[in-house]
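Notes for the one structure printed next.
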Amino acid sequence: MLNIRKDGQMRLITFNPFRTMGIPKVTYIKPENMFKEIEKIKEADYILFPEYWQVNTLVYGLKKKIFPNINTYQLGHNKIETTRVLQAIFPENVPYTQILSKDSGNIEIIEEEFGYPLVAKEIKNSMGRGVFLIENRKELKSYIENNEFLYIQERLPIDRDLRIVYVGDKVIGAYWRIAGEGQFHNNIAKGASYDYDNIPKEAIDLVENIARELNINHAGFDVVVAHNKLYILEYNVMFGNEGLRNMGINVEEYISEYINNDPDFTPSNPTFPRAS
């Protein structure tokens with residue numbers, strides 16, 4: 001349970017000041033100083049944006065509430081974790097994917113199942129890094145040689161994807177990322193552009209269903225439309241905020257609103273009222 005303070009305020013600690021700079025009265029502790037500052041951490045009501053190596057200790061050892069929550073961290077830790085749970089719960093919304101160990105990665109079988117071109121990914125990366133369009137056996141062999149785990153996916157006929165951002169208990173923003181002419185990647189860091197129009201409601205509904213089913217509370221979902229279906233490629237726990245800022249959306253306001261509405265804690269004076 002959260003402790004009710006006489007001043008109606010939570011005790012908040014952040015391990016990532018850049019993602020919480022808009023939230024008032026938050027104490028910053030460097031992740032590497034976690035054990036030096038353990039007493040402050042024990043007194044905190046919420047821990048914001050810990051690093052992954054801290055999560056189990058904070059939640060299971062110290063019994064602390066964290067944001068993002070542990071479901072978000074663990075299911076979004078890498079592409080394998082995300083894909084496997086989606087294959088189990090929302091199989092119709094996952095592109096055909098094979099996850100193999102390096103030793104079991106049989107080139108002939110991969111070629112027979114996927115053909116060329118195919119998509120191969122490093123299991124832990126972002127901003128388009130570690131995502132490869134494989135067009136021949138030489139490129140596939142190079143990918144296999146350089147990755148302990150193989151993540152092989154069908155190439156979908158797309159030139160854009162949707163970034164749909166879910167914070168707290170709802171989608172707070174969505175936009176298209178359109179690849180440059182002749183480019184494979186849809187990531188802004190790889191030269192893609194933004195488009196904020198014609199966001200399909202079905203995609204918003206799908207992301208909200210997935211997030212609520214899996215109890216995810218801070219994620220940027222990558223969604224594509226192909227073959228008249230919606231597919232989830234992955235979600236990123238630490239997503240970029242530029243696209244949301246272009247929409248006038250301040251993520252910290254939604255985070256503050258969410259934690260201040262925690263049913264275990266009802267402050268008399270909300271610390272960050274959000275304009276309607």
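The values are calculated or read from the model by the stated rules, or taken from the named source; none is laboratory data. Since the structure is predicted, the reported quantities are computational estimates derived from the model, not experimental observations. Backbone-built Cβ (ideal geometry, glycine too); neighbour counts: all protein chains shown.
A few comments on the model shown:
- Beta carbons closer than 7 Å, at least 6 apart along the sequence or on distinct chains, pair a first residue in the stretch 81-102 that is in a loop (DSSP other than H, G, I, E, B) with a second that is surrounded by fewer than 16 Cβ atoms within 10 Å (Cβ to Cβ) for Val94/Gln87; Lys102/Glu148.
- Which numbered condition Phe35 misses (of (1) in a helix (DSSP H, G or I); (2) exposed (fewer than 14 other Cβ atoms within 10 Å of the Cβ)): (1)
- All of (1) under 16 Å from Val223 (Cβ atoms); (2) surrounded by fewer than 19 Cβ atoms within 10 Å (Cβ to Cβ); (3) at pLDDT 90 or above hold for Lys141 with one exception: (1).
- Residues satisfying the stated conditions in the stretch 127-147, i.e. part of a loop (DSSP other than H, G, I, E, B) and not basic (Lys, Arg): Met127, Gly128, Gly130, Glu135, Asn136, Asn146, Asn147
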